[in-house]
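K.L.:
Quick one: structure below, then a few questions.
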Amino acid sequence: MKSKITKSRAAILVSQNMPLEIDIIDFPEKLEFGQVIVKVEVSGICGSQIGEIDGHKGQDKFLPHLLGHEGCGRVIQIGEGVNTVKEGDKVVLHWKAGAGIQSNTPQYLWRGKTLNAGWITTFNDYAIISENRCTKIPIDTDSTVASLMGCAITTGFGVIENNAKLKMGESVVIFGSGGIGLSMIQAAKSLSAWPIIAVDIYQNRLNLAKDIGATHTINSKNEDAFNRLNKIFKNSSLDVFIDNTGVPSIIENGYQLTKKDGKIILVGVPKLGQNINIYSLSMHFGKQMIGSFGGSSQPEKDIPRYLNHVDKNKIDMNKLISKTFSIEEINNAIDSMRDGSTAGRVLINF
């Protein structure tokens with residue numbers, strides 16, 4: 001099937017630890033089985049993209065390539081076999097596989113050479129997305145709100161609901177209060193957890209965390225966070241510790257802080273070669289350390305459910321959004337995340 005779109009603007013990762021390059025890319029001539037062309041309206045920037053740029057998992061073997069894994073847009077064209085969305089539909093774009101076909105990855109060209117991309121990219125005006133990375137939503141849904149359903153909300157709420165299985169009155173520490181951490185705080189508040197303690201090195205993030213549901217905040221740049229936490233949770237009485245940083249020492253201290261049958265949820269990933277050192281005896285008596293994969297969310301089921309929460313004012317999504325940039329300003333947007341000048345989610349508006 002011939003592609004309706006021939007070119008697109010895109011932000012390209014050419015070299016690790018370097019700014020993204022903004023340029024025009026060429027689309028393949030044909031749309032393959034299970035592929036969907038989407039006009040991207042809004043894209044979020046997740047911390048994991050900064051991890052890709054910085055090479056947290058080691059050498060990137062797929063350079064140059066496209067980035068972005070949460071967003072919202074309109075379906076322009078569908079390939080053969082696609083039946084969960086149709087042309088004109090509004091969709092959430094998500095990195096976690098949902099309903100539908102998992103297609104081949106698209107074969108873009110940049111300056112006459114192959115440009116790699118995964119099943120979803122959102123740092124481009126138009127994108128070829130695998131059907132199972134698109135979930136249809138009501139046409140009148142706010143695109144800004146919907147974009148956060150691609151990762152920030154589904155991961156944050158999924159960690160609380162599916163991984164931590166947090167219950168009313170249970171205590172939780174959330175170490176790292178960026179976009180996903182803030183979503184966790186809202187989820188914990190919706191379940192009436194107490195206390196809900198947010199830890200971060202940026203005061204503006206902690207102010208926002210307090211505003212959306214944290215009962216306590218700790219600025220770990222200004223004080224020893226675990227000294228303070230040990231005073232709050234005497235005799236290791238914490239139910240759930242969630243790490244969004246991937247820093248081994250934080251994970252190790254969180255492991256010590258939780259009670260004998262508590263849970264440590266790992267969301268942040270340590271850099272390659274930075275290993276965690278724990279004494280595992282407690283795990284034989286009920287303590288659990290759980291690595292989260294996108295909060296074990298199911299996009300086709302969870303996205304409609306969370307949007308319903310938004311409609312009923314159970315979640316205030318607007319407070320999670322700090323600033324919106326254009327695609328030409330994407331490197332400035334990334335810098336604002338690195339230096340902490342933006343508290344919540346940073347968005348690219350196309």
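Bear in mind these aren't lab numbers, they're just calculated from the coordinates by the rules spelled out. All of these numbers come straight from a predicted model, not from anything done at the bench. Reconstructed Cβ throughout: ideal geometry from the backbone, glycine too, with neighbour counts over all protein chains shown.
K.L.:
Using a Gaussian network model of the chain with C-alpha springs under 10 Å, which one of 274, 102, 49 is most mobile by mean-square fluctuation?
P.N.:
It is 274.
K.L.:
List the aspartates and glutamates whose Cα sits under 12 Å from the Cα of residue 90, skipping any in the same chain fewer than 8 residues away.
P.N.:
41, 140, 142
K.L.:
Stretched out fully, how many nm does the piece from residue 237 to residue 331 gain, at 0.36 nm a residue minus the Cα gap?
P.N.:
29.6 nm
K.L.:
Among all the aspartates and glutamates, which ones have a C-alpha under 15 Å from residue 96's C-alpha, if same-chain residues fewer than 8 places away are not counted?
P.N.:
The qualifying aspartates and glutamates are 70, 131, 300, 302.
K.L.:
If you stretched the chain out fully between residue 261 and residue 308, how much longer would it get, using 0.36 nm times the residue separation minus the C-alpha to C-alpha distance?
P.N.:
This chain segment gains 13.6 nm when fully extended.
K.L.:
Quick one: compute the contact order of the chain, relative version, from alpha carbon pairs under 8 angstrom and 6+ residues apart, as a percent.
P.N.:
Computed value for the chain: 17 percent relative contact order.
K.L.:
To continue, here is another question. Shape of segment 63-186 from its Cα gyration tensor (a ≥ b ≥ c, root eigenvalues): rounded if a/c is under 1.5, otherwise prolate when a/b > b/c, or oblate?
P.N.:
Judged from the Cα gyration tensor, segment 63-186 comes out prolate (a/c at least 1.5, a/b above b/c).
K.L.:
Between segment 52-112 and segment 181-242, what's the alpha-carbon centroid distance in Å?
P.N.:
Taking the Cα centre of segment 181-242 as reference, the centre of segment 52-112 is 34 Å away.
K.L.:
If you bin the C-alpha pair distances of the chain every 20 Å from 0, what whole percents do you get?
P.N.:
In whole percents, the pair-distance histogram is 31, 56, 13, 0.
K.L.:
Same structure, new question: Put +1 on the Cβ of each Lys and Arg and -1 on the Cβ of each Asp and Glu in the chain; which of 15, 84, 199 then has its Cα farthest toward the positive end of the dipole?
P.N.:
After comparing all options, I get 199.
K.L.:
Another question, if that's okay. Using a 10 angstrom cutoff on alpha carbons, build the Gaussian network for the chain and name the most mobile of 183, 43, 171.
P.N.:
Its mean-square fluctuation being the largest, the pick is 171.
K.L.:
Among 194-201, 303-310, how do they line up from the highest to the lowest mean number of other beta-carbon atoms within 10 Å?
P.N.:
Most protected by this proxy first, the peptides run 194-201, 303-310.
K.L.:
Still on this structure, please answer the following. Please report 168, 283, 337 as a ranked list, fewest other C-beta atoms within 10 angstrom at the top and most at the bottom.
P.N.:
Neighbour counts put them in this order, fewest first: 168, 283, 337.
K.L.:
A further question follows. For residue 194 paired with residue 87, estimate the spin-label separation in nm (one decimal), with each label point 7 Å from Cα along the Cα-to-Cβ line.
P.N.:
In this crude label model, residue 194 to residue 87 measures out at 5.6 nm.
K.L.:
Right, another one. Would you please classify the overall shape of segment 197-273 from the alpha carbon gyration tensor, given that a ≥ b ≥ c denote the square roots of the eigenvalues, rounded means a/c under 1.5, and beyond that prolate means a/b larger than b/c while oblate covers the rest?
P.N.:
In terms of gyration-tensor shape, oblate.
K.L.:
So if I average 1/r over every pair of distinct C-alpha atoms in segment 153-296 and take the inverse, what Kirkwood radius in Å does that give?
P.N.:
About 14.7 Å for segment 153-296.
K.L.:
May I pose another question? Could you tally the net charge around residue 95, taking each other residue with its Cβ under 9 Å from the Cβ of residue 95, Lys/Arg +1 and Asp/Glu -1?
P.N.:
Its environment carries a net charge of +1.
K.L.:
Which aspartates and glutamates, on any chain, are close to residue 113 with Cα under 16 Å apart, when same-chain ones fewer than 8 places away are left out?
P.N.:
Reachable aspartates and glutamates: 21, 23, 26, 29.
K.L.:
List the chymotrypsin sites (Phe, Trp or Tyr not before Pro) within segment 13-113 that DSSP assigns to loop and that have no more than 16 neighbouring Cβ atoms inside 10 Å.
P.N.:
For chymotrypsin sites (Phe, Trp or Tyr not before Pro) across segment 13-113 that sit outside H, G, I, E and B with at most 16 neighbouring Cβ atoms in 10 Å, the list reads 33, 62.
K.L.:
A further question follows. If you stretched the chain out fully between residue 204 and residue 288, how much longer would it get, using 0.36 nm times the residue separation minus the C-alpha to C-alpha distance?
P.N.:
This chain segment gains 27.1 nm when fully extended.
K.L.:
Round to the nearest 0.05 the FRET efficiency obtained for residue 339 and residue 16 when R0 = 22 Å and r is the Cβ-Cβ distance.
P.N.:
That gives a FRET efficiency of 0.70.
K.L.:
Set the bar at 32 Å for Cα to Cα. Now go through 86/312; 4/136; 231/323; 210/263; 57/263; 189/260 and name every pair that lies beyond it.
P.N.:
231/323
K.L.:
What is the spin-label model distance, in nm, from residue 323 to residue 113 if the labels are put 7 Å beyond Cα along the C-beta direction?
P.N.:
3.3
K.L.:
Taking R0 as 30 Å, what FRET efficiency do you get between residue 278 and residue 165 from their Cβ-Cβ distance, rounded to the nearest 0.05?
P.N.:
Efficiency computed from Cβ-Cβ geometry: 0.90.
K.L.:
I need the shape label for segment 113-216. Rule: rounded when a/c is under 1.5, else prolate if a/b > b/c, else oblate, with a, b, c from the alpha carbon gyration tensor.
P.N.:
In terms of gyration-tensor shape, prolate.
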